Each structure stands twice: as structure tokens, then as C-alpha cells.
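Please read the structure below before turning to the comments.
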Amino acid sequence: MEKGYEFQPFAGFIQAPAGRVIILRHDVDRRPGNALKTARLEHDLGIPASYYFRAVTESWDEAIIRKIAGLGHEIGYHYENLSACKGDEGCAWEDFQANLAKLRELSPVTTICMHGSPLSRINNLDLWQTRDYKALGIVGEPYLDVDFTQVFYLTDTGRRWNHAGASIRDRVDSGFDIRVNSTGHLMELAREGRLPEQVMINTHPQRWEDRVGHWVWELVWQNVKNAVKWGGVRLGVLAN
């Protein structure tokens with residue numbers, strides 16, 4: 001805000017993009033309680049954001065989804081239907097529609113976002129080679145409807161900003177060569193006006209902890225996952 005940026009949820013950006021904008025996207029892979037803490041903090045600061053929930057028990061908490069929507073944030077579907085259905089396109093399409101309908105009982109949903117399913121060789125984006133999400137009233141999917149040559153993309157996948165070596169699918173064809181070394185460095189770039197006009201920042205709330213035990217567990221577990229993903233790609237077990 002200090003540098004003239006407007007914060008928009010993803011649906012707002014798709015429908016009427018601001019010229020100087022930050023889109024805050026949160027993929028709630030698990031620990032939805034952390035997402036609620038983040039949502040409350042953003043609400044207190046007057047910042048709208050987008051929260052994408054998976055249809056799995058470690059993410060899907062209906063009370064929390066309703067609370068986050070009630071704070072004025074956007075709710076979206078973090079889908080993984082093709083990998084969950086082992087590549088069966090018909091099964092995936094039915095599963096997608098069913099989960100979307102359930103989520104819409106809790107909040108309006110007009111955008112979706114692919115879950116990378118890094119331990120699967122199946123890319124969930126491939127469902128849209130034969131199906132059309134816009135026929136269901138969906139206006140946008142970040143990996144398909146954003147020109148990332150114009151929008152600078154930052155993600156904490158791999159527990160570092162734009163950690164390409166630990167990201168199987170959470171990556172884009174970027175038009176920017178901006179290295180962000182830390183969150184402090186990101187804040188410095190913002191203060192000095194060295195960020196592009198349009199920025200999307202994706203975080204996973206379970207990674208942001210002030211409880212020491214949970215923070216250490218996330219650190220260790222993420223390092224294990226990074227090693228598994230790197231080894232899987234090298235051995236050809238996982239797609240790169």
C-alpha cells in the first residue's frame with residue numbers, strides 16, 4: 001500500500017486487474033488453523049486474499065472455511081482430481097464437480113488452483129485438455145489464466161522463495177529474473193520499489209509457524225520431501 005500497490009483476491013484480478021497490484025494466494029494443503037490465523041491478520045490489515053482448500057481431511061475444515069469467507073477473503077478449490085483418480089479422466093471430472101459443489105455450499109467459488117501432487121507422475125492440469133472449467137462458472141485458474149511474463153510470481157514451495165529444485169509443478173514461465181533470498185530481502189525489494197507492477201505471492205500457511213515444535217517439524221519434513229522430489233526426478237520416477 002505504501003508503494004501504491006492495491007491488494008486484490010485472484011477473482012478480482014481476473015475480472016478487473018489493477019495496474020499496480022499484489023495478489024496474495026494461500027494454498028491450504030493442511031493445518032487449516034494456520035490459514036485462519038493468517039486470514040485474521042490480513043483482515044485486521046485490510047488486505048483481501050485468496051484461500052484454496054483441498055478436498056482432503058487435512059485441509060477441508062468447513063467451520064474454518066466459513067470463518068475465512070466471513071472475513072471477506074476469497075475461497076477457491078485446490079483440486080487434485082486427476083492424480084487422485086489415477087489418471088482416469090471421467091472419474092476426475094465427476095470428482096471435481098462433486099467437490100466444487102460441496103465447497104460452494106460453504107462459500108461462493110469462482111476460481112480454482114491446481115495442487116501439484118508432487119509424488120505423482122500425473123499433472124492435474126491435464127484434466128483441462130478435455131474438460132472446460134469455465135462451463136461451471138469458474139473464471140480463472142492461475143496456471144492457465146495468468147500471463148506470468150507480466151505478473152511476477154513468488155511461491156514458498158520447497159520452503160524457500162522460488163526454490164526451483166524442490167518444485168515439481170509449482171513453477172511458471174516467468175518474464176522476470178528476480179532472485180529473492182529471504183522474506184527480509186523481499187520486504188527490502190518492496191520498500192525500495194524494485195518489484196514489478198503486478199505480483200502474485202503464493203504461500204502455504206502450514207509453513208508459517210510461531211510454535212517451535214511445529215516449526216521444527218515442518219522444517220525437517222520439508223527437507224525430507226525436497227530430497228525425495230529431487231531424487232525422484234533424477235531417477236525418472238517423478239515427472240519434472
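The values are calculated or read from the model by the stated rules, or taken from the named source; none is laboratory data. What you see is a predicted model; the values in this text were computed from it and never measured. Cβ sites come from the backbone with ideal geometry, for glycine too, and all protein chains shown count toward neighbours. Please note that ligands, DNA and RNA were not included when accessible areas were found on the heavy atoms of the full protein model with its side chains. Shrake-Rupley method; radii C 1.70, N 1.55, O 1.52, S 1.80 Å.
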Report task. Exactly one condition in (1) more than 14 Å from the chain's Cα centre (by Cα); (2) open to solvent by 30 Å² or more (accessible area, probe 1.4 Å) is not met by Leu100; state its number. Result -> (2)
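Residues that are surrounded by fewer than 15 Cβ atoms within 10 Å (Cβ to Cβ) and touching a strand residue (DSSP E or B) at 6+ places or on another chain (Cβ under 9 Å): does the range 17-28 have at least one? Break it down stepwise before answering.
Keep residues of the range 17-28 that are surrounded by fewer than 15 Cβ atoms within 10 Å (Cβ to Cβ), which gives 19-20.
Filter once more, so that each one left must be touching a strand residue (DSSP E or B) at 6+ places or on another chain (Cβ under 9 Å): 19-20.
Yes, the conditions are met somewhere in the range 17-28.
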Query - Single match in Gly33, Gly90, Gly4 (criterion: closer than 26 Å to Leu144 by Cα and either among the small types (Gly, Ala, Ser) or assigned to a loop (DSSP other than H, G, I, E, B) (or both)) - result: Gly90
Query raised in the report: Regarding Glu80, is this residue charged (D, E, K, R), in contact with a Lys or Arg (Cβ under 6 Å, 6 or more places away or on another chain) and on the phi < 0 side of the Ramachandran plot?
Result: no
Query raised in the report: Which condition does Ala55 not pass, out of (1) open to solvent by 40 Å² or more (accessible area, probe 1.4 Å); (2) within 22 Å of Leu24 (Cα to Cα); (3) in contact with a Ser or Thr (Cβ under 8 Å, 6 or more places away or on another chain), if it passes all the others?
Result: (3)
Requested in this report: Working only within the range 123-155, note down all residues that are in a loop (DSSP other than H, G, I, E, B) and surrounded by 14 or more Cβ atoms within 10 Å (Cβ to Cβ).
Outcome: Asn123, Arg131, Ile138, Val139, Glu141, Val146, Phe148, Val151
Requested in this report: Taking only the range 66-89 into account, find how many residues are of a type outside the set (Ser, Thr, Tyr), open to solvent by less than 30 Å² (accessible area, probe 1.4 Å), free of Cβ contacts under 8 Å to residues at least 40 places away in the same chain and within 19 Å of Asn123 (Cβ to Cβ).
Outcome: 1
